[in-house]
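J.: Here you go, one structure.
The values are calculated or read from the model by the stated rules, or taken from the named source; none is laboratory data. As the structure is a computational prediction, the values presented were derived from the model and not from experiment. Heads up, the Cβs are rebuilt from the backbone with ideal geometry, glycines too, and the neighbour counts pull from every protein chain shown. Just so you know, the surface numbers come from the protein's heavy atoms only, side chains and all, with ligands and any DNA or RNA stripped out. Shrake-Rupley method; radii C 1.70, N 1.55, O 1.52, S 1.80 Å.
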Amino acid sequence: MKYLLVLFALITTAGCSVTDIVESNPSTTQQFDLNDSDRDGVIMARERCAGTVVGAAVDNYGCGRITNINERQDLKILFSNNSTVIEPQYYNQIEKVAKLMETYPTTRVTIEGHTSKVGSYELNLALSQNRAKAVTDVLKTTYGINPSRLTAIGYSFDRPIDNSGTPAAEERNRRVIAEVTADDTIPAMRWNIYTVDEEID
């Protein structure tokens with residue numbers, strides 16, 4: 001009798017295990033395109049603006065925000081007294097302008113030269129013009145920017161940013177400004193984990 005009970009239990013267990021077997025269904029066809037062709041973080045099934053610039057800030061539909069290129073940048077270039085020579089350590093300032101112009105071929109730049117009130121107006125007018133031209137010459141000869149996209153203007157001491165008359169003020173007034181404009185647009189870029197390592201001006 002004992003053996004019959006054991007045999008019955010084995011048969012019952014085997015029967016249950018057979019009924020628990022589930023056949024696998026065939027593979028399901030994916031109805032949506034889950035690829036991210038332009039690598040903006042938005043799948044193609046949701047994408048409305050394909051082909052966005054890599055790294056651009058986009059919304060949930062892959063559309064980015066663009067702005068007109070119209071930028072004024074104070075170039076941190078120091079000239080020796082009554083000199084128009086740009087020392088090599090300041091070329092990185094000009095290189096920033098050159099890279100923007102290389103990326104956006106419709107850009108144009110106007111380099112403004114400004115001086116302090118030390119010396120005559122005429123002397124400073126010529127000095128500011130020649131310093132501005134020195135910057136455009138570097139853009140042309142070192143970085144290959146077409147001269148037709150470059151303008152140099154000297155303002156002497158007509159446009160000071162500090163009228164206090166102190167030595168520090170005069171140093172601030174001796175400056176070179178690059179004004180970059182274009183018919184083109186530039187995408188707004190999004191922050192990433194490496195942004196903090198980039199130089200912030």
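J.: Inspect all residues belonging to the range 161-169 and state whether any of them is over 30 Å from the mean Cα position of the chain (by Cα), modelled with pLDDT under 90, hydrophobic (A, V, I, L, M, F, W, C) and not in a loop (DSSP other than H, G, I, E, B).
T.: Within the range 161-169 (the criterion being over 30 Å from the mean Cα position of the chain (by Cα), modelled with pLDDT under 90, hydrophobic (A, V, I, L, M, F, W, C) and not in a loop (DSSP other than H, G, I, E, B)), the answer is yes, since at least one residue qualifies.
J.: Kindly indicate whether any position in the range 73-81 is over 13 Å from Ala178 (Cβ atoms), out of contact with any Lys or Arg (no Cβ under 8 Å at 6 or more places or on another chain) and open to solvent by less than 40 Å² (accessible area, probe 1.4 Å).
T.: Within the range 73-81, none of the residues are over 13 Å from Ala178 (Cβ atoms), out of contact with any Lys or Arg (no Cβ under 8 Å at 6 or more places or on another chain) and open to solvent by less than 40 Å² (accessible area, probe 1.4 Å).
J.: Pull up the range 141-160, narrow it to residues that are assigned to a strand (DSSP E or B) and either aliphatic (A, V, I, L, M) or modelled with pLDDT under 85 (or both), then point me to the one that is surrounded by the fewest Cβ atoms within 10 Å (Cβ to Cβ).
T.: Here the answer is Ile153.
J.: Here is a follow-up. Filter the range 65-105 down to residues that are among the small types (Gly, Ala, Ser) and modelled with pLDDT under 90, then give me how many there are.
T.: Matching residues across the range 65-105 total 2.
J.: Sort through Val58, Val54 and tell me the only one that's of a type outside the set (S, T, N, Q), touching a Cys at 6+ places or on another chain (Cβ under 8 Å) and either open to solvent by less than 100 Å² (accessible area, probe 1.4 Å) or modelled with pLDDT under 75 (or both).
T.: After ruling out the rest, the residue left standing is Val58.
J.: Looking at the range 87-134, which of its residues are aromatic (Phe, Trp, Tyr) and farther than 21 Å from Asn163 by Cα?
T.: Hits for the range 87-134 are Tyr90, Tyr91, Tyr104.
J.: Any idea which of (1) open to solvent by 80 Å² or more (accessible area, probe 1.4 Å); (2) modelled with pLDDT of 90 or more; (3) not in a helix (DSSP H, G or I) is the one Lys133 doesn't satisfy?
T.: (3)
J.: Given Val109, Val97, which one is in contact with a Leu (Cβ under 9 Å, 6 or more places away or on another chain), closer than 25 Å to Arg172 by Cα and either among the charged types (D, E, K, R) or in a helix (DSSP H, G or I) (or both)?
T.: After applying the criteria, what remains is Val97.
J.: Test each condition in (1) at pLDDT below 95; (2) more than 30 Å from Arg39 (Cα to Cα) for Ala182 and report the one that comes out false.
T.: With (1) at pLDDT below 95; (2) more than 30 Å from Arg39 (Cα to Cα) applied to Ala182, the lone miss is (2).
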